[in-house]
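> First the structure, which I've put down as structure tokens, then a few questions once you've had a look.
The values are calculated or read from the model by the stated rules, or taken from the named source; none is laboratory data. These numbers were taken from a predicted model, which means no experiment stands behind them. Every residue, glycine as well, gets a Cβ built from its backbone with ideal geometry; the counts of neighbours run over all protein chains shown. We work out accessible area using only protein heavy atoms, side chains counted, and drop any ligands, DNA or RNA first. Shrake-Rupley method; radii C 1.70, N 1.55, O 1.52, S 1.80 Å.
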Amino acid sequence: AVERMRRGLLQGGLATDCLQEAMADIENDEETGIFVVGRGGYPNKDGIIQCDAAIMEGQPGRFGAVAALHGIGTPLAVARKVMEEAPHSFLVGEGAVDFAKGQGFTVEDNSSLMSKRGSEAYQEYLEMKKSWKKHDTLGLIALDIYGNITVGVSTSGAPFKYPGRVGDSPLPGCGLFADKEVGAAAATGEGDKIMCFCPCFHTVLLMRQGLSPMDACQAVVQDILQRTGKEKMFELGIIAMNMKGEVGAASSMAFPYCVWSQGKDRVEQLVQQS
């Protein structure tokens with residue numbers, strides 16, 4: 001995804017366009033569903049894939065999100081349409097589906113979004129009645145040559161979740177946040193816990209106060225760890241970028257992420273240790 005954004009940004013593309021295109025490559029690929037994103041992701045406890053996605057630009061008031069969206073393999077594209085075309089900022093469930101239809105999206109049968117791996121995992125869940133502790137969100141941040149910054153997130157959510165469950169990912173300040181004067185942040189992990197701490201807003205706030213992206217991310221993780229205690233700390237990973245293009249990350253577990261910036265000829269693959 002970062003490689004796709006790199007190519008687009010080098011060609012003078014806008015941050016939002018490059019981010020959406022890169023996200024769609026992953027969302028709509030059945031093989032990447034194992035990472036709990038889009039097509040091929042894991043279904044809820046009723047066997048339906050319901051996705052959450054959100055996009056936020058650095059310009060004030062530029063935010064759009066969808067949650068519990070079914071039948072569409074590129075939920076971030078729908079979230080962008082909410083941002084640009086809807087009188088609201090956040091649509092869920094059937095309302096999000098109806099809006100997507102009105103914007104020209106094709107709504108597919110659930111079976112066409114399911115992968116063989118996901119179907120087998122769901123059958124195992126039905127037989128064992130055992131939930132999976134698996135939490136992943138694809139989060140991307142793009143800063144273009146015109147000074148526009150955009151952050152986007154997409155996930156099919158916790159495997160075998162309750163229908164209608166929404167995690168932190170599409171919630172502004174929790175799963176993502178952007179400010180054109182400061183930078184942006186995105187989070188992944190145990191969404192039901194993450195949403196109680198608004199870590200992305202906190203990260204951007206600390207960057208506004210002068211911290212580097214790395215120091216801001218680490219300060220937020222340490223703050224939550226101190227408040228919850230080590231025994232109750234949950235899975236959390238944060239990435240951030242400021243308007244200089246400097247990046248940072250912090251996590252409560254081993255956390256892989258990728259980085260590219262102008263002047264570099266390749267995407268770096270890094271692992272942030274807890």
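> Would you mention how many residues in segment 63-89 are open to solvent by 10 Å² or more (accessible area, probe 1.4 Å), in a loop (DSSP other than H, G, I, E, B), touching a residue at least 24 places away in the same chain (Cβ under 8 Å) and closer than 22 Å to Glu21 by Cβ?
Here the count works out to 1.
> Moving on. For Lys101, indicate whether it is surrounded by fewer than 24 Cβ atoms within 10 Å (Cβ to Cβ) and farther than 28 Å from Ala185 by Cα. Before you say what the answer is, go through the steps one by one.
Details: surrounded by fewer than 24 Cβ atoms within 10 Å (Cβ to Cβ): yes; farther than 28 Å from Ala185 by Cα: yes.
Yes; evaluated as a whole, the condition is true for this residue.
> In segment 135-170, what residues are open to solvent by 60 Å² or more (accessible area, probe 1.4 Å) and either within 16 Å of the chain's Cα centre (by Cα) or among the charged types (D, E, K, R) (or both)?
Scanning segment 135-170 gives no hits.
> To continue, here is another question. Return the residues of segment 1-36 that are open to solvent by less than 50 Å² (accessible area, probe 1.4 Å), among the acidic types (Asp, Glu) and assigned to a loop (DSSP other than H, G, I, E, B); say none if nothing qualifies.
Correct list: empty.
> Of (1) in contact (Cβ under 8 Å) with a residue 24 or more places away in the chain; (2) part of a helix (DSSP H, G or I), Lys101 satisfies all except one. Which?
All conditions pass for Lys101, except number (1).
Listed here are the residues, each with its yes/no results for (1) at pLDDT 95 or above; (2) of a type outside the set (Asp, Glu).
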{"position": "Leu14", "(1), (2)": "yes, yes"}
{"position": "Ile48", "(1), (2)": "yes, yes"}
{"position": "Gly61", "(1), (2)": "no, yes"}
{"position": "Leu69", "(1), (2)": "yes, yes"}
{"position": "Val78", "(1), (2)": "yes, yes"}
{"position": "Glu84", "(1), (2)": "yes, no"}
{"position": "His88", "(1), (2)": "yes, yes"}
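> Any idea which residue in segment 224-246 is surrounded by the fewest Cβ atoms within 10 Å (Cβ to Cβ), counting only those that are of a type in the set (Gly, Ala, Ser) and assigned to a loop (DSSP other than H, G, I, E, B)? Quick ask: steps written out before the conclusion?
So in segment 224-246, the residues of a type in the set (Gly, Ala, Ser) come out as 229, 237, 240, 245.
Filter once more, keeping what is assigned to a loop (DSSP other than H, G, I, E, B): 229, 245.
Numbers: Gly229: 8, Gly245: 15.
For segment 224-246, the residue satisfying everything is Gly229.
> May I pose another question? Restricted to segment 149-193, and to residues that are closer than 22 Å to Thr228 by Cβ and in contact with a Leu (Cβ under 6 Å, 6 or more places away or on another chain), which residue is modelled with the highest pLDDT?
The qualifying residue modelled with the highest pLDDT is Ala186.
> Right, Gly93: modelled with pLDDT of 95 or more, open to solvent by less than 90 Å² (accessible area, probe 1.4 Å) and over 17 Å from Ile72 (Cα atoms) or not? So that I can check it myself, show each step before the final result.
On the way: modelled with pLDDT of 95 or more: yes; open to solvent by less than 90 Å² (accessible area, probe 1.4 Å): yes; over 17 Å from Ile72 (Cα atoms): no.
So Gly93 fails the test.
> Can you name every residue in segment 104-118 that is surrounded by fewer than 19 Cβ atoms within 10 Å (Cβ to Cβ) and either of a type in the set (Asp, Glu) or within 16 Å of Val66 (Cβ to Cβ) (or both)?
Gly104, Thr106, Val107, Glu108, Asp109
> Only residues in segment 187-204 that are buried (at least 24 other Cβ atoms within 10 Å of the Cβ) count as the first member; pair them with residues that are hydroxyl-bearing (Ser, Thr, Tyr), Cβ under 7 angstrom, at least 6 apart or cross-chain, and list the lot.
Correct list of pairs: Thr188/Thr137; Gly191/Ser169.
> For a quick check of your reading of the model, give me the residue pairs whose first member lies in segment 226-247 and is farther than 13 Å from Thr203 by Cα, whose second is open to solvent by 50 Å² or more (accessible area, probe 1.4 Å) and in a loop (DSSP other than H, G, I, E, B), with beta-carbon atoms closer than 7 Å and at least 6 apart or on different chains.
The qualifying pairs are Gly245/Gln262.
> Which pairs have Cβ atoms under 9 Å, sit 6 or more apart or on different chains, and link a residue in segment 11-28 that is without any contact (Cβ under 8 Å) to a residue 12 or more places away in the chain to one that is open to solvent by less than 50 Å² (accessible area, probe 1.4 Å) and charged (D, E, K, R)?
The qualifying pairs are Asp17/Asp144.
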